[in-house]
Amino acid sequence: MKKIITLFFVIAFPLFNLHAQSQMHFPVSWKFSQKAINDSEYIITMHATIEKGWHVYSQHLDTSAIQNPTVFTFTPSADYNLNGSAQEDGKLITVKDTQPKEIESFFEDSVTFIQKISAHGAAGFILRGNVFYQVCNQGECLPPKRTDFAFTIPAREMPHQSYLGIFLLGLIAGLGAIWTPCVFPMIPLTVSFFLKRSSKRHKGIADAFAYSASIIAIYVLLAVIITAIYGPDGLNAVASNGWLNLIYFLIFIVFGASFLGAFELVLPAKWANTIDRASEKGGPLGVFFMALTLCIISFSCTGPFLGSLLPAAANQGHYWSLVAGVFGFSLSLSLPFALFAVFPSWLKNLPQSGGWLNTVKVFFGFLELAFALKFLSITDLEGLHIRFLHFDLNGPLGLMHREVFLSLWVVIFALLGFYLLGKIRLKHDSELHHLGVFRLMLAVIVFAFSIYLIPGLFGAPLKMISGFPPPSFYSEGWSLGVAGGGGASAGGSAQQGSNSNTTAHARAKIGCPLNLDCFNDFQAAVAYAKQVNKPVMIDFTGLSCGNCRKMEESVWPDPRVLSDIKNDFVLTSLFVDDPTPLPDSLKYVSKTTGEKVETYGNKWSDMETSLYHYNTQPLYVLITPQGDELAPPVGYTPDIEQYLNFLNGAKAKFQQDSRKP
């Protein structure tokens with residue numbers, strides 16, 4: 001009789017009404033869970049609890065069986081791949097019937113199905129699928145049933161990649177510092193000193209290696225001390241503090257002027273002389289003090305390179321970012337001293353010191369001036385938060401608009417190109433009798449870059465330098481509370497303006513990326529999203545956030561991404577450094593950090609930290625108008641396909657949930 005019933009349901013199942021099926025009693029309950037094995041692999045567990053007297057069939061039934069095997073279906077996605085098929089963990093019972101002739105394989109009481117997956121990339125995603133199964137007992141079989149499931153795979157950091165990036169930046173900075181007049185001449189002098197003062201060559205090589213190791217130890221120890229004092233949050237404050245960035249601007253201007261020959265920067269001679277006398281003691285301690293002497297006397301050349309690592313490490317947001325960068329810097333700076341001690345014949349192939357060293361110094365001087373403007377731009381955007389005479393110096397100050405920034409860069413790099421061609425001659429330059437091929441090619445590259453910048457004056461995105469110039473909406477004519485190239489105010493765009501009463505307190509607008517219509521107020525965005533029945537895209541951003549600009553200028557302009565954001569989401573860009581004061585009635589003390597929340601920027605920052613447990617930007621959160629997350633939040637995601645999957649997955653879930661009764 002059981003076989004006949006089973007066969008009937010197999011044939012008639014497609015005709016059953018799903019509503020009627022949902023009212024039937026199913027003696028099986030499912031519990032779904034997940035566990036991370038490592039950074040990219042997860043174990044997906046699907047546990048079935050079966051009531052006494054019933055059983056669930058295996059995935060692997062004999063061809064003679066007429067029952068439905070258990071089948072797991074996972075929605076295909078570029079975010080992951082399955083590692084093999086689901087494994088069964090339970091007591092498998094196999095029964096052979098003679099009438100009709102068939103072999104059944106099933107589980108009683110409980111069974112666990114285990115599926116391993118490998119996640120791709122750092123962004124989180126939702127893994128969806130269903131299990132199709134049939135339940136029988138000794139006398140009857142229920143119609144097959146499908147149960148949907150969804151696993152939320154969280155976004156994860158990839159610290160090794162982040163540390164590798166800052167480490168490589170440090171390596172490049174160290175290689176640049178080697179060719180400066182303060183360091184390059186010291187290489188043959190120091191190596192020759194170690195090799196000649198020792199009667200045995202291996203002793204000289206050992207001293208050279210100890211010298212290199214000491215250089216690394218000195219710089220890394222300095223980085224560890226700075227990190228211990230400030231920590232990652234303190235370093236991150238560098239990226240958005242107006243005063244600190246003003247100080248960096250002045251430092252880079254001073255270093256740039258020094259490199260151009262205006263004056264010579266040296267540390268007090270007393271420091272160098274004291275350490276130099278200590279180095280004469282000999283032995284390992286003497287070698288260490290020799291390395292310390294080099295670090296001090298070369299400060300005027302190495303300082304700018306080291307200074308560039310501090311804001312870069314702050315943007316990374318990881319605890320040991322500065323240490324990783326400085327380690328790369330010191331490694332490349334010290335490496336020549338060890339290599340030339342092992343292979344002293346290579347010294348003959350080194351170029352002789354001369355006027356070309358000053359050319360290298362001037363080249364870096366122009367770069368210092370260009371980078372200095374980046375720090376001034378951040379100061380302009382963030383402000384100094386003081387009142388001077390009748391002026392409130394809260395940001396944005398309106399001094400360094402995008403057009404002004406790019407105009408200065410065009411001039412700086414054009415002047416550098418003319419210098420490389422020998423059309424400009426500075427104080428310490430030797431007479432240029434002829435132009436070398438390398439110098440000519442470098443001039444061509446510099447001029448090409450300067451010309452590349454010009455379209456940016458008229459609104460071109462300039463992807464090559466995304467993150468360096470001010471935001472695209474921060475152009476001439478912009479002011480706080482006045483539309484500057486599209487966007488929306490507290491109540492949204494002109495199209496959305498009728499909803500301005502959805503927020504209790506109207507507030508000044510900052511702007512929206514790519515001239516999109518957006519909100520700068522979360523409550524207004526949610527109210528509008530409820531009216532149009534669209535999900536909300538929260539863009540936690542910052543005026544001085546470099547990675548935010550990179551996303552807006554390199555990823556968002558992709559036609560598919562732009563179409564999704566523009567047509568399928570209600571965009572709200574919340575600037576965590578917005579200086580607009582909150583009304584007194586809305587000020588409060590954060591329960592998460594214990595700090596006072598006095599500006600809209602403080603409010604959005606506290607919202608990001610308390611609700612989503614992030615404190616770095618950008619952060620993109622996709623939610624329903626009721627506040628439910630549609631996908632795990634993601635941060636900086638330069639991979640367009642990965643970011644598109646993030647948007648499309650959330651959009652599909654919203655549409656699916658909207659169709660549910």
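Would you mind ranking SER110, SER544 by Cβ crowding within 10 Å, fewest neighbours first? Kindly include the intermediate steps, with their values, before the conclusion.
Working: SER110 16, SER544 27.
The most exposed by this proxy come first: SER110, SER544.
For the pair ILE229 and VAL342, label points projected 7 Å from Cα toward Cβ lie 3.6 nm apart. Between the amide H of VAL570 and those of VAL536, MET537, distances stay under 5 Å, these residues lying 5 or more places away or on another chain, with hydrogens modeled in the peptide plane.
Ranking ASP657, ASP568 by Cβ neighbours within 10 Å, fewest first, what do you get? Kindly include the intermediate steps, with their values, before the conclusion.
Details: ASP657 12, ASP568 16.
Lowest to highest Cβ neighbour count: ASP657, ASP568.
Applying 0.36 nm per residue to the separation of SER40 and GLU641 and subtracting their alpha-carbon distance, the gain on full extension is 214.5 nm. Each residue, THR152 and LEU435, gets one label point 7 Å from its Cα in the Cβ direction; the gap between the two is 6.2 nm. The amide H of GLY383, built 1.01 Å from its N in the peptide plane, has GLY395, LEU397 as neighbours under 5 Å, considering only residues 5 or more places off or on other chains. Excluding same-chain residues fewer than 8 positions from LYS31, which aspartates and glutamates have a Cα within less than 13 Å of its Cα? Within reach: ASP148.
Please work out the FRET efficiency for the pair SER563 and LEU222, using the Cβ-Cβ distance as r and a Förster radius of 41 Å; give the result to the nearest 0.05.
On the way: r = 49 Å, r/R0 = 1.20.
Once rounded, the FRET efficiency stands at 0.25.
Packing order of peptides 510-520, 356-366, highest average first: 510-520, 356-366 (average count of other Cβ atoms within 10 Å over each peptide's residues).
Scalar couplings 3J(HN,Hα) for the stretch 134-144, obtained by applying the Karplus form with A = 6.51, B = -1.76, C = 1.60 to θ = phi - 60°, are 10, 10, 9, 10, 5, x, 8, 10, 7, x, x Hz; x denotes Gly and Pro.
On the basis of the beta-carbon distance and an R0 of 25 Å, HIS613 and LYS116 show a calculated FRET efficiency of 0.35. For the pair GLN87 and SER29, a Förster radius of 22 Å applied to the C-beta separation gives a FRET efficiency near 0.60, rounded to the nearest 0.05. Among the listed pairs LYS35/LYS145; LYS96/LYS116; LYS463/LYS653; LYS374/LYS550, those with a Cα-Cα distance over 23 Å are LYS35/LYS145; LYS96/LYS116; LYS463/LYS653. Using θ = phi - 60° in the Karplus curve 6.51 cos²θ - 1.76 cosθ + 1.60, the 3J(HN,Hα) couplings for the stretch 527-533 round to 4, 5, 4, 5, 5, 9, 6 Hz; x is entered for Gly and Pro. Note on PHE74, PHE405: ascending count of other Cβ atoms within 10 Å places them as PHE74, PHE405, the fewest first. For a straight C-alpha distance cut-off of 15 angstrom, the aspartates and glutamates reachable from LYS361 (same-chain residues fewer than eight places away being disregarded) are GLU264, ASP429. Working ranking of peptides 221-228, 183-190 by packing, defined as the average number of other Cβ atoms within 10 Å per residue, highest first, is 183-190, 221-228.
Coordinate-derived values only; no laboratory data. Treat the numbers as computed from the prediction; the structure is a model and nothing was measured. Backbone-built Cβ (ideal geometry, glycine too); neighbour counts: all protein chains shown.
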